[in-house]
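The values are calculated or read from the model by the stated rules, or taken from the named source; none is laboratory data. Bear in mind that the values here come from a model prediction, so they are computed numbers and not experimental data. Backbone-built Cβ (ideal geometry, glycine too); neighbour counts: all protein chains shown.
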Amino acid sequence: MVVRHRRNDRGAPMTEISDRYRRRAQAFQARVDAVPEDRWESPSPCDEWTARGVVSHVVATHGMFLGFVDRDLGPIPPVDADPSAAFASVSAVVLADLEDPERAAAGFEGFSGPTTFESSVDRFLSFDLIIHGWDLARATGQDDRIDPVDIDGALEAAQAFGPAMRNPRAFGPEVEPPADADDQARLLAFLGRQP
């Protein structure tokens, strides 16, 4: 696949993948920023995770994917002290790498064969921002609507994970959506979440 890089208003290269990641990271950041201080320890739809645990997972996963291409997050604020600053820092690192054509194209042996940093961010990290954004919103009493533009793509991405998505510490078993379920509710049910 040929990925064409354009330039953003700062002159940095960008692609459809970096655009998509930026938009989803901004939406996730907005939800992190809107968490009331007394809700960080609220349980989330993810077993054993609080709202803070959801952000911690997202931050750690960003670091893991950078590690696949021998890079790291560098010094970032700890999630326990400042979840908002922690996520802002990691998403800035990932976005900068997506906007660097050489770094974006860095290859590694992925879970299902050879891939690139850019492709894996799009397939996994960007997807994670949608679903864990919903988890965070649900845990903290925020509007938990998923951008309709992301719903079809998220369902396709989830289905492409195959049986591995049902492994422990991934997604739970699929649940039956209500008869009148909308697209978001069907996506969440497929991912083992009660819509």
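Data overview
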| quantity | calculated |
| --- | --- |
| One residue from 60, 105 being under 24 Å from residue 171 (Cα atoms) and surrounded by fewer than 18 Cβ atoms within 10 Å (Cβ to Cβ) | 60 |
| Complete set of residues in segment 138-179 that are farther than 20 Å from residue 123 by Cβ and either of a type in the set (Val, Ile, Thr) or at pLDDT 90 or above (or both) | 138, 139, 140, 141, 142, 143, 144, 145, 148, 175 |
| The lone exception for residue 154 - which of (1) assigned to a helix (DSSP H, G or I); (2) under 11 Å from residue 31 (Cα atoms); (3) not aromatic (Phe, Trp, Tyr) it fails | (2) |
| Every residue from segment 90-122 that is in a helix (DSSP H, G or I), without any contact (Cβ under 8 Å) to a residue 40 or more places away in the chain and in contact with a helix residue (DSSP H, G or I) (Cβ under 6 Å, 6 or more places away or on another chain) | 90, 97, 103 |
| Subset of segment 1-56 that is in contact with a His (Cβ under 7 Å, 6 or more places away or on another chain) and in a loop (DSSP other than H, G, I, E, B) - its residue that is modelled with the lowest pLDDT | 15 |
| Among residues of segment 15-36, those that are over 16 Å from residue 79 (Cβ atoms), buried (at least 18 other Cβ atoms within 10 Å of the Cβ) and among the aliphatic types (A, V, I, L, M), counted | 1 |
| Residue in segment 28-38 that is touching a Phe, Trp or Tyr at 6+ places or on another chain (Cβ under 8 Å) and over 15 Å from residue 128 (Cα atoms) present | no |
| So residue 68, is it in the same structural domain as residue 132 (by TED's automatic domain parsing) and over 13 Å from the mean Cα position of the chain (by Cα) | yes |
